[in-house]
Amino acid sequence: MDVEAVLLDVGGTVFDWRSAVLHALERVEARQRHDIDPDRFGEEWRKQSLIEVDSIAAETAPWRPFDSVIETSLDKTIEILAAGPVAGKDRAVLLRAWENMPVWPEVPQGIARLRQKYFMAPHTILSLRTAAFSSKRAGVIWDAIVSCDALGASKPNPLSYERALAAIGRPADRVCFVAAHLGDLRAAQAHGMKTAYVVARLYDYGDSYEDTGFAQEFDLVADNFTHLAELMGP
């Protein structure tokens with residue numbers, strides 16, 4: 001692929017947000033007082049956060065940074081599942097889960113190999129702190145982190161992709177966007193970027209993952225980051 005830089009989604013594509021939330025729930029005392037289903041709690045929290053992000057991206061809701069979204073979506077999840085009250089120490093433990101997301105096992109080596117050839121940077125709805133701490137703890141090294149918080153526009157708003165490209169100083173046709181989220185890839189593709197789909201291991205609200213011709217729709221389809229490095233790497 002004739003590109004110079006790679007932008008990546010990371011929540012779900014690189015990081016396993018589900019395991020991070022489940023691990024945090026194991027440490028929450030409120031779970032012992034309430035009948036909290038960990039899987040349902042994690043899925044609902046992720047869903048509510050994406051609903052809020054989509055509203056911000058569509059400009060039907062005021063701009064807010066990711067940390068604010070995580071807090072309000074946590075409150076909404078607690079309300080929907082009748083899981084409260086969750087406050088104080090328990091609340092802090094849950095909110096910090098997003099700074100402790102593990103990566104899929106092959107990711108650090110795959111990213112390291114790709115960095116030999118490409119400028120590698122997440123383009124993420126996550127806050128810079130969240131992405132940086134999770135990356136550091138998982139042993140993933142980037143050339144930069146492009147947070148939508150800093151861009152002032154959230155994916156999939158076209159302005160977010162425009163500003164991300166400006167931030168790394170490369171035109172769209174010289175950049176490949178990597179994601180396990182189809183909507184993210186299609187938005188990047190509409191902005192003129194090359195695209196690589198890494199087969200999803202977590203299914204997110206709002207996306208259909210039934211393969212209706214991904215190999216024809218996107219420039220590359222990879223099973224995981226080892227496969228992606230084989231397809232793109234030196």
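Looking only at segment 116-134, residues that are surrounded by fewer than 22 Cβ atoms within 10 Å (Cβ to Cβ) and part of a helix (DSSP H, G or I) come to 4 in all. If we keep just the residues of segment 187-209 that are in contact with a helix residue (DSSP H, G or I) (Cβ under 8 Å, 6 or more places away or on another chain) and charged (D, E, K, R), which is farthest from residue 107 (Cα to Cα)? My answer is 207.
The residue of segment 78-104 that is modelled with the highest pLDDT, among those that are touching a His at 6+ places or on another chain (Cβ under 8 Å) and of a type outside the set (A, V, I, L, M, F, W, C), is 100.
All conditions but one from (1) in the same structural domain as residue 43 (by TED's automatic domain parsing); (2) surrounded by fewer than 20 Cβ atoms within 10 Å (Cβ to Cβ); (3) in a helix (DSSP H, G or I); (4) of a type outside the set (S, T, N, Q) apply to residue 113; the one that does not is (1). Suppose the filter is surrounded by fewer than 20 Cβ atoms within 10 Å (Cβ to Cβ) and over 13 Å from the mean Cα position of the chain (by Cα); does residue 62 pass it? It is true that residue 62 is surrounded by fewer than 20 Cβ atoms within 10 Å (Cβ to Cβ) and over 13 Å from the mean Cα position of the chain (by Cα).
Quick check on segment 76-89. Is at least one of its residues in contact with a Pro (Cβ under 9 Å, 6 or more places away or on another chain) and assigned to a helix (DSSP H, G or I)? Yes: one or more hits. Could you tell me whether any residue of segment 8-16 is among the hydrophobic types (A, V, I, L, M, F, W, C), buried (at least 20 other Cβ atoms within 10 Å of the Cβ), at pLDDT 90 or above and outside any strand (DSSP E or B)? Within segment 8-16, one or more residues are among the hydrophobic types (A, V, I, L, M, F, W, C), buried (at least 20 other Cβ atoms within 10 Å of the Cβ), at pLDDT 90 or above and outside any strand (DSSP E or B).
The values are calculated or read from the model by the stated rules, or taken from the named source; none is laboratory data. All of these numbers come straight from a predicted model, not from anything done at the bench. For neighbour counting, all protein chains shown are included, and Cβ atoms are generated from backbone atoms with ideal geometry for every residue, glycine included.
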